[in-house]
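Coordinate-derived values only; no laboratory data. Here the structure is a predicted model, which is why all the values come from computation and not from measurement. Cβ placement follows ideal geometry from the backbone for every residue including glycine, while neighbour counts extend to all protein chains displayed.
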Amino acid sequence: MVDTDRADRLDEAADQWRLLHGGLAAGETVLLTVRSGSMLPCLPVGAKIEIAAVDGRQCRVGDVVVFRRADRLIAHRLLFGWGHEPGSWFLERGDGVSPAGLIRARTILGKVVALHRADGRQQRLDCSGALTDNLRRARRSLRQYLLAGATAPLRKARQWLQRISTGSR
């Protein structure tokens, strides 16, 4: 009797290795499991994401891409990009509660093209309707990120003024 759970984990580890080391042929995809909630509600924990190898310079704002950070593979949305050369940069962030970061286009390993939910439903992320939704989500996330940075000093000032007016320190 074969332990299918163990075989699935080995297959996923092999797919991770192929993605990390450029072992995917053109048009080939791999399935990896979502392990964190950084992309909620778009990518639920436990769902499988279908990833296609891609040249990072071909990615656009709104795309959900996979890149390596330390010893982890991360799937986040591209919020803003600049430059079209190999050294071009993107601002990335998860849709859930996660910090934003900068990545180089050349460090992008793949693009999430589909979501395979635990209940068997599949959702394409690379069709025209999904691309519009992805861009809308990226704009909203970028706006939230920028507003959070701009309003933080105002929140601190309000807290300080409230402490002074109530006499508490």
Across (1) of a type in the set (A, V, I, L, M); (2) over 25 Å from ARG143 (Cα atoms); (3) under 12 Å from the mean Cα position of the chain (by Cα), VAL64 clears everything bar (2)
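Of all residues in the range 81-109, count the ones that are closer than 18 Å to CYS42 by Cβ and either in a strand (DSSP E or B) or of a type in the set (Phe, Trp, Tyr) (or both).
Number of matching residues: 6.
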Selection from the range 123-169 of residues that are polar (S, T, N, Q) and assigned to a helix (DSSP H, G or I): SER128, THR132, ASN134, SER141, GLN144, THR151, GLN159, GLN162, SER165, THR166
Somewhere in the range 52-66, is a residue crowded, with 20+ Cβ neighbours inside 10 Å, in a strand (DSSP E or B), in contact (Cβ under 8 Å) with a residue 60 or more places away in the chain and charged (D, E, K, R)? no
Can you tell me which residue in the range 67-86 is surrounded by the fewest Cβ atoms within 10 Å (Cβ to Cβ), limited to those that are small (Gly, Ala, Ser) and free of Cβ contacts under 8 Å to residues at least 24 places away in the same chain? ALA70
Does ILE49 satisfy the condition of being farther than 22 Å from ARG124 by Cβ, surrounded by 15 or more Cβ atoms within 10 Å (Cβ to Cβ), β-branched (Val, Ile, Thr) and out of contact with any His (no Cβ under 6 Å at 6 or more places or on another chain)? no
Which of (1) in contact (Cβ under 8 Å) with a residue 12 or more places away in the chain; (2) in contact with a His (Cβ under 7 Å, 6 or more places away or on another chain) does GLN122 not meet, given it meets every other one? (1)
Scan the range 105-127 residue by residue and report those that are crowded, with 18+ Cβ neighbours inside 10 Å and in contact with a Leu (Cβ under 7 Å, 6 or more places away or on another chain). LEU109, GLY110, VAL112, VAL113, ALA114, LEU115, LEU125
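With the condition kept exactly as written, say whether any residue in the range 24-39 is in contact with a Gly (Cβ under 6 Å, 6 or more places away or on another chain), β-branched (Val, Ile, Thr) and assigned to a loop (DSSP other than H, G, I, E, B).
Let us first name the residues in the range 24-39 that are in contact with a Gly (Cβ under 6 Å, 6 or more places away or on another chain), namely 37-39.
Next cut, β-branched (Val, Ile, Thr) only: none.
No: zero hits.
Rundown of residues vs (1) surrounded by 15 or more Cβ atoms within 10 Å (Cβ to Cβ); (2) closer than 22 Å to LEU32 by Cα, yes/no style:
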site	(1), (2)
SER88	yes, no
SER98	yes, yes
ILE103	yes, yes
GLY129	no, no
ARG140	no, no
TYR145	yes, no
ALA148	no, no
LYS156	no, no
